Amino acid sequence: MGFLKERLEDITSINDRPEIKGSRFEKFVSEKIFKDILFDLVEMTRDFYSNSERFEERSMNPDFLFRDKRTKEEFWIEAKYRSGLFRNEKGQLVCEICKSGQLNRYKEVEKSTGKKVYIA
């Protein structure tokens, strides 16, 4: 069903919406990079649609908390899909990974949980 749903999204151009691209990237990160054979998925934030119905506070955490099955180390992953560059106020081409407020929040998560936050 997932494949057919994605093709329908391709045909209708719904997949051009940022939340669709972001969700697909999050799925890629969790399934292809941090495969379940090597990592346990400890926690995952709610998706865009679920949070639009009723926001859950822990959605302020990074997207995933994984545990390395070999070392038992836990760490956060924030998945950030970016489709391209944009020009800043100086006319330079840049790719903004996250806003300063988000970066400060990730630092607070590291401090409060004692677990590193990585951005994919």
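Before moving on, here are some points about what is shown:
- Taking the numbered list (1) open to solvent by 50 Å² or more (accessible area, probe 1.4 Å); (2) in contact with a Ser or Thr (Cβ under 6 Å, 6 or more places away or on another chain) in turn, Arg70 passes all entries but (2).
- Options Gly84, Gly91; residue that is open to solvent by less than 80 Å² (accessible area, probe 1.4 Å) and more than 20 Å from the chain's Cα centre (by Cα): Gly91
- Among the residues of region 34-49, none qualifies, meaning not one is open to solvent by less than 50 Å² (accessible area, probe 1.4 Å), within 12 Å of the chain's Cα centre (by Cα) and modelled with pLDDT of 95 or more.
- Being at pLDDT below 95 and outside any loop (DSSP other than H, G, I, E, B) is not true of Gly91.
The values are calculated or read from the model by the stated rules, or taken from the named source; none is laboratory data. Since we're looking at a predicted model, the values are computed, not measured. Ideal geometry is used to build each Cβ from the backbone, glycine not excepted, and the neighbour counts take in all protein chains shown. These accessible areas exclude ligands, DNA and RNA; they are computed on the full protein's heavy atoms, side chains included. Shrake-Rupley method; radii C 1.70, N 1.55, O 1.52, S 1.80 Å.
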